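Notes follow the structure.
The values are calculated or read from the model by the stated rules, or taken from the named source; none is laboratory data. Values in this document were obtained by computation on a predicted structure and should not be read as measured data. Here the Cβ is made from the backbone with ideal geometry for all residues, glycine too, and neighbour counts use every protein chain on show. Each accessible area value is taken on the protein alone, full model and side chains, heavy atoms only, with ligands, DNA and RNA left out. Shrake-Rupley method; radii C 1.70, N 1.55, O 1.52, S 1.80 Å.
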Amino acid sequence: MSKMYANISPEEKKMLTTAMWKSGTTSASFNYVKMLGQGYAYCMMPFINKYYKTEKDQKEALNRANSFMNTNNMCLPFILGLNIAMEKKKAETGEISSEAITATKTSLMGPMAGIGDSFQFNTLRVIAAGIGISLATPGSVFGPILAFLLYFLPFLFIRKTLMFTGYSIGTTMIDKLFQGGILKRVTNAASIIGVIMIGSLVAQMVNVSTPFTLKLGSAEIALQQVFDSIMPGMLSLAMVFGIIALVKKGVKPVVIVCGVMVMCILGAILGIF
């Protein structure tokens, strides 16, 4: 492991450690537009300012960092470290495209969330709580203290390890990809996975339906059943494409969110939604 970190300078180690601590606060700026995006950009800012010398390049890099981001907090440092390494390579050589950086970040969100959530919440937390409860039940004050330590110390160790590993792998992997000439294929694959991840999030988080019924004589037709017979989730998909069209036209996300809220309230009053 020490050989893997040999290419990291003391200054970079200090900056990576600071970024690891900062990444623990990404949920503080959580919102339904970019989720962890703003907190992620906050962690990237010192590296962006260090690697890029012009204001134009710094703004472009910050916009890349301040995009949609949602993953498990324990595994987030791995993506962050890899992202930092790619931004460094782009600043030094210009050989990495902005699309490759964004695609790599997006494609890793889902897998890291699945791995991190399973281990953090279903394994580490359960073991720490079980041991702590067994001591606290007889009345020992050390129960909650031990539960905290058994949860927090491994959590902290994993986050720091993943930060340095992501940065180190990113640095060596990028060089190998350039030497082998397969970066374009990796970028395309990452882009495909990223689109799949975003599509999965949309399918899980967007749910639009209507209880509206049409009366034709003595018969009643449920409009939702008609839509489902054409294509399940048709209204949800229409909502997503409508929002994408507004974003492409330059409508601000806050305006879109407020508009959706107003539409839902009016729709509920009128019995449409």
Answer from Lys89, Lys50, Lys13, Lys59 - the residue that is without any contact (Cβ under 8 Å) to a residue 24 or more places away in the chain, part of a helix (DSSP H, G or I) and more than 14 Å from the chain's Cα centre (by Cα): Lys59
Whichever residue in region 206-220 is surrounded by 14 or more Cβ atoms within 10 Å (Cβ to Cβ) and under 25 Å from the mean Cα position of the chain (by Cα) and, among such residues, is nearest to Leu270 (Cα to Cα): Val208
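Please specify each residue of region 205-225 satisfying the condition of being in a strand (DSSP E or B) and not polar (S, T, N, Q). Spell out the reasoning first.
Within region 205-225, the subset in a strand (DSSP E or B) is 213-216, 219-222.
Selection gives Leu214, Lys215, Leu216, Ala219, Glu220, Ile221, Ala222.
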Top-ranked residue in region 86-100 [being out of contact with any Ser or Thr (no Cβ under 9 Å at 6 or more places or on another chain) and at pLDDT 85 or above; ranked as most open to solvent (accessible area, probe 1.4 Å)]: Glu92
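Condition test on Leu223, is it open to solvent by 70 Å² or more (accessible area, probe 1.4 Å), out of contact with any helix residue (DSSP H, G or I) (no Cβ under 9 Å at 6 or more places or on another chain) and farther than 20 Å from Asn31 by Cα?
Values: open to solvent by 70 Å² or more (accessible area, probe 1.4 Å): no; out of contact with any helix residue (DSSP H, G or I) (no Cβ under 9 Å at 6 or more places or on another chain): yes; farther than 20 Å from Asn31 by Cα: yes.
When the stated conditions are applied, Leu223 does not pass them.
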Test: residue in region 63-73 that is in contact with a helix residue (DSSP H, G or I) (Cβ under 7 Å, 6 or more places away or on another chain), of a type in the set (A, V, I, L, M), within 30 Å of Ile256 (Cα to Cα) and free of Cβ contacts under 8 Å to residues at least 24 places away in the same chain: no
Enumeration of residues in region 113-148 that are among the polar types (S, T, N, Q) and either open to solvent by 40 Å² or more (accessible area, probe 1.4 Å) or not in a helix (DSSP H, G or I) (or both): Ser118, Asn122, Thr123, Ser134, Thr137, Ser140
Candidates Tyr40, Tyr51, filtered to the one that is open to solvent by 20 Å² or more (accessible area, probe 1.4 Å) and either at pLDDT below 90 or touching a helix residue (DSSP H, G or I) at 6+ places or on another chain (Cβ under 7 Å) (or both): Tyr51
All positions within region 226-265 that are open to solvent by 70 Å² or more (accessible area, probe 1.4 Å) and in a loop (DSSP other than H, G, I, E, B): Met231, Pro232, Lys249, Lys252
Some residue of region 166-177 being surrounded by fewer than 17 Cβ atoms within 10 Å (Cβ to Cβ) and either at pLDDT 85 or above or over 26 Å from Asn72 (Cα atoms) (or both): yes
